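Below: the structure, in structure tokens.
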Amino acid sequence: MIITVTLNPALDKTARVDVMRAKALNRLRDVQVDAGGKGVNVSAMIRALGGGSLAVGFAGGGAGEEFLSLITQKGLKADFVRIAAVTRTNLKVVDNEGALTELNEPGPAIKPEEWREMENKLLGYGAPGNAIVLSGSLPAGLGADTYKHLCALLRRAGAAVFLDADGEALKQALQLEPDLIPDYIKPNRFELLQYFGIPDDERMAEARLAELCRSLIDKGVKLVALSLGGEGAIFASKNGVRRAAAIPVELRSTVGAGDSMIGALVYGFEHGLPEEDRFALAIAASAGACATAGTNPPDRTLVDELLQKTRIEKVA
Ligand SMILES: Nc1ncnc2c1ncn2[C@@H]1O[C@H](COP(=O)(O)OP(=O)(O)OP(=O)(O)O)[C@@H](O)[C@H]1O
Ligand SMILES: [Mg+2]
């Protein structure tokens, strides 16, 4: 069973305006609402591939109810902890020139008893054979050690943990002992270099990036999927390092491409696919996500078509 965890979900509202004016009244049109959250995107990708998962997170107030009804409409199964505060709404406004203005709420604060309910819920799912995906930012009231703590708890219970976090939250989780460290991570180039405190340099040799990934394998991480946007990905595991080219597609929206990649990797884990097949599926699913509007996952037919075009070679 796969469980995706979105601790800081949001109702994503998108709207259009002719000209965006600061310090003035702006009348919105074409207002659309969607359930936003990296874990929810992962669940949607798994569903598109034909698999199942359970989406877990915090939801509160009228916005929380709307969020839950939207993810149910997507055909996703959910088991959320209800909180006293209201789920945030993020507003994205696009003007006639295509310029984007974003107004993001900070998100509700989680009370200690609400957090305990989440911990107990997750622990209930932390059985061997289960995969738990921890994705995205943390809500107010939860420290940067939250993912580290959850990862240790869930791995001790025998579950496999996929972590998609950045900054301090990633850093702390990677301080865990080899038997408790996240099993799978998918940093992008920025997140990986930030973790190592290395300034980004476009000319950095790929061999150097591969070396950094390998050093995480030495710490006990089973797979480092380093996503490189339109340049594809590097996959490092104890079986070596593989380089995958990105599949050229007609770009519609690259938002959530990383989430689709994780969805495919965890689907591959659940179905016991050989490593190389998991990587190919991850590349095809994420390219398909880029060719699909919004954060919607690509459908299985498109993924299967793109699978024929994957090119992966062993480099170390
Ligand atoms: N322009 C593109 N063409 C084809 N595939 C792409 C393109 N951009 C991204 N991808 C695919 O998506 C994967 C993940 O992309 P990226 O590195 O941008 O993830 P990310 O930064 O974690 O994104 P997000 O967090 O917004 O989901 C890449 O490894 C690649 O396989
Ligand atoms: Mg990402």
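The values are calculated or read from the model by the stated rules, or taken from the named source; none is laboratory data. Values in this document were obtained by computation on a predicted structure and should not be read as measured data. Accessible surface areas use protein heavy atoms only, side chains included; no ligands, DNA or RNA. Shrake-Rupley method; radii C 1.70, N 1.55, O 1.52, S 1.80 Å.
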Using the Kirkwood formula over every pair of different C-alpha atoms, what hydrodynamic radius in Å results for the stretch 183-316?
14.8
Leaving out ligands, DNA and RNA, what percent of the accessible area of the stretch 183-316 is carbon and sulfur, probe 1.4 Å?
51
Accessible area expressed per residue, the chain, with surrounding protein chains retained (probe 1.4 Å, Å²)
45
Return the calculated 222 nm mean residue ellipticity for the chain, to the nearest 500 deg cm²/dmol, obtained by summing -39500 (n - 2.57) across DSSP H runs with n ≥ 4 and dividing by the residue count.
-11500 deg cm²/dmol
Pairs Lys38/Lys77; Lys171/Lys219; Lys38/Lys74; Lys13/Lys148; Lys238/Lys314; Lys38/Lys186: which exceed 20 Å Cα-Cα?
Lys13/Lys148
The rounded separation in angstrom of the Cα centers of the stretch 162-183 and the stretch 185-261 is 16
Distances longer than 29 Å among the Cα atoms of the chain: what percent of all pairs is that?
36
